[in-house]
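Since the structure comes first, as structure tokens, the remarks are kept for the end.
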Amino acid sequence: MKYIFFDIDNTLVSHRGTPHIPPDTLRAISLLRQSGHVPAIATGRASFLTITTARAFGIDYLVCAGGSEIFVEGRKIHTAYFPDEHIGAFREVSSKFPEITAAVDDEYLYADAAFDPFRNYFNSQAGYDCFRPMSQLKRAIMCYIMRPHKMLTPEHGIFSSPPQGVRLELMRGFTEARHEASTKWNGIEIMMNCLGADIGDVVTFGDGPNDAEMLRRADMGVAVGICSDEARNAADYVCGDIDDGGILEACKHLGLV
């Protein structure tokens with residue numbers, strides 16, 4: 001039995017056109033379960049933006065928010081908040097750059113910019129109006145600035161020079177800050193320890209820079225589709241695009257189904 005962790009965006013969910021779940025991906029998850037494996041999710045999304053996709057696949061083993069939230073069969077077993085002592089530093093950056101900063105806790109997305117292209121999608125994923133003004137932020141799980149790290153300068157504060165206790169994740173179009181101990185792989189290790197399962201039984205699928213560690217450290221890591229260089233270089237195997245049946249093809253190739 002393998003525990004198979006999937007990233008969501010561009011791994012389980014395609015964003016080619018309107019966001020959708022390819023039928024072959026649904027079939028792959030079903031076949032994995034029939035073969036005795038445990039499908040799981042390891043995503044950078046906060047839990048309230050994960051639940052709709054998880055329900056669509058019937059998955060209830062979740063590593064969310066880049067390892068900051070972990071759920072086993074609907075029960076939260078771990079939360080790592082952005083360090084409270086650095087919330088003030090984030091607010092300072094946010095006050096200077098309100099149009100490109102945001103934060104999430106375990107229920108809402110906080111932003112003062114409209115984020116109109118994303119509002120309907122995020123609300124559909126949460127199942128409710130999940131946007132709140134930054135003034136209501138009390139505690140965060142992750143903080144964001146919508147700029148790649150190479151474009152940031154000292155005026156961007158914690159996002160250009162993180163203080164002790166803060167980890168930066170350098171994504172394709174934005175920079176993410178969270179608790180220094182939180183990574184997807186760390187979250188997977190916590191979950192496997194909770195389950196009393198062997199970490200050597202983990203297989204991972206992902207496409208982004210924040211998937212590279214879990215692709216490299218898993219017994220088998222699969223980079224998906226048009227993936228980042230970081231993911232490709234860390235993976236043991238690269239499969240095709242999910243709209244072309246890449247997930248199902250990889251599961252067959254690896255003998256999982």
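The values are calculated or read from the model by the stated rules, or taken from the named source; none is laboratory data. Since this is a predicted model, take the numbers as computed values, not measurements. Counting neighbours? That spans all protein chains shown, and the Cβs are built from the backbone with ideal geometry, glycine included. Just the protein is used for accessible areas: all its heavy atoms, side chains included, with ligands, DNA and RNA removed. Shrake-Rupley method; radii C 1.70, N 1.55, O 1.52, S 1.80 Å.
Using Cα pairs closer than 8 Å and at least 6 residues apart in sequence, work out the relative contact order for segment 13-148, in percent. Contact order relative to length: 20 percent.
Considering helices alone, the calculated mean residue ellipticity of the chain at 222 nm is -8000 deg cm²/dmol, with DSSP H runs of length four and up weighted by -39500 (n - 2.57) and normalised per residue.
Across segment 75-144, C-alpha contacts under 8 Å between residues 6 or more apart give a mean separation that, scaled by the residue count, equals a relative contact order of 40 percent. Remark: the chain carries a charge dipole of roughly 220 debye about the Cα centre, counting +1 on each Lys and Arg Cβ and -1 on each Asp and Glu Cβ.
Per residue, the accessible area of the chain comes to 43 Å², computed with a 1.4 Å probe over protein heavy atoms only.
When the listed pairs Lys76/Lys96; Lys150/Lys184; Lys76/Lys252; Lys2/Lys252 are checked against a 25 Å cut-off, the alpha-carbon distance exceeds it for Lys76/Lys96; Lys76/Lys252. Computed packing ranks the peptides 60-67, 148-155, 17-24, 212-219 as 60-67, 212-219, 17-24, 148-155, most packed first, by mean other Cβ atoms within 10 Å.
Mean separation of Cα pairs under 8 Å and 6+ residues apart, divided by the residue count of segment 106-257: what relative contact order is that in percent?
Details: 224 pairs, mean separation 18.7, N = 152.
The value is 12 percent.
When only alpha carbons are used to place a centre, segment 67-142 and segment 173-215 end up 20 Å from one another. Dipole magnitude for segment 158-257: computed about the Cα centre from +1 point charges on Lys and Arg Cβ and -1 point charges on Asp and Glu Cβ, it is near 260 debye. Legend: calculated FRET efficiency, Asp201 to Ala181, from the Cβ-Cβ distance at R0 = 22 Å, rounded to 0.05, equals 0.45.
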